[in-house]
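The values are calculated or read from the model by the stated rules, or taken from the named source; none is laboratory data. Since this is a predicted model, take the numbers as computed values, not measurements. Reconstructed Cβ throughout: ideal geometry from the backbone, glycine too, with neighbour counts over all protein chains shown.
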Amino acid sequence: MDRRAFLATAGAFAAAGCTALGSDDYDVGMSAHEFLPEEYTIEVGETVVWENTGSRGHTVTAYDGGIPEAAEFFATGGYESEREARDAWEDDGAGLISTGERFEHTFEVPGTHAYVCIPHEVGGMVGAILVEE
C-alpha cells in the first residue's frame, strides 16, 4: 500500500473513532535488524520518512555507488558521502537515530536508491527506494 492510501485509510479509521492504527505516519520502519519494508516505491519529488521503530539506534546511509549518478546523497547525520558517514560512525557512533526518531529525504531523480544501516550492515540491514517517473 502506498503512503497516501495508507494515510487516507488511517484518517478514515480515526474519523470513525478507531485509534488502533496509532500514529504510523512514516514510510519505512526500522526494527532490530531490518528496514520495513526493505523496498519502497515512490514517484519523483516525493519524500520518504523513516522512523526508528526498534529498540536499537540505526542509520540511514545511501551507498555512494547505489544511487543514480545525478541523485543527491542522503544520510542521517547530514553527511555528504558514504565514506564521511562511515568514518563518523567508526569514530564516535555518530549519525544514529534513536527509537521514535525520524529521518526524511525527498527524491528528485528516478532510479534505485540503495541504502544501509551502517552498524547493522553485517546482519543484512539494507534497503532501497525505487523512484519512478
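Among T9, T19, which is the only one that is assigned to a loop (DSSP other than H, G, I, E, B), farther than 19 Å from I129 by Cα and at pLDDT below 95?
It is T19.
Of all the residues that make up the stretch 92-106, how many are out of contact with any helix residue (DSSP H, G or I) (no Cβ under 7 Å at 6 or more places or on another chain), surrounded by 15 or more Cβ atoms within 10 Å (Cβ to Cβ) and part of a loop (DSSP other than H, G, I, E, B)?
So the count comes out to 1.
Name the single residue, out of those in the stretch 22-55 being hydroxyl-bearing (S, T, Y), part of a loop (DSSP other than H, G, I, E, B) and exposed (fewer than 14 other Cβ atoms within 10 Å of the Cβ), that is modelled with the highest pLDDT.
Narrowing the stretch 22-55 to residues hydroxyl-bearing (S, T, Y): 23, 26, 31, 40-41, 47, 53, 55.
Remaining after also requiring part of a loop (DSSP other than H, G, I, E, B): 23, 26, 31, 53, 55.
In the following step, the residues that additionally are exposed (fewer than 14 other Cβ atoms within 10 Å of the Cβ) were identified as 23, 55.
Numbers: S23: 52, S55: 93.
Among those residues, the one meeting the criterion is S55.
Rundown of residues vs (1) more than 13 Å from the chain's Cα centre (by Cα); (2) without any contact (Cβ under 8 Å) to a residue 24 or more places away in the chain, yes/no style:
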| residue | (1), (2) |
| --- | --- |
| D91 | yes, yes |
| A94 | yes, yes |
| H105 | no, no |
| V109 | yes, no |
| H113 | no, no |
| G124 | yes, no |
| V131 | yes, no |
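With the condition kept exactly as written, say whether any residue in the stretch 75-88 is under 18 Å from G124 (Cβ atoms), part of a loop (DSSP other than H, G, I, E, B), in contact with a Gly (Cβ under 6 Å, 6 or more places away or on another chain) and of a type in the set (V, I, T).
Within the stretch 75-88, none of the residues are under 18 Å from G124 (Cβ atoms), part of a loop (DSSP other than H, G, I, E, B), in contact with a Gly (Cβ under 6 Å, 6 or more places away or on another chain) and of a type in the set (V, I, T).
Looking for something among the hydrophobic types (A, V, I, L, M, F, W, C), buried (at least 16 other Cβ atoms within 10 Å of the Cβ) and assigned to a helix (DSSP H, G or I) - is there at least one such residue anywhere in the stretch 107-125?
Yes, that holds for at least one residue.
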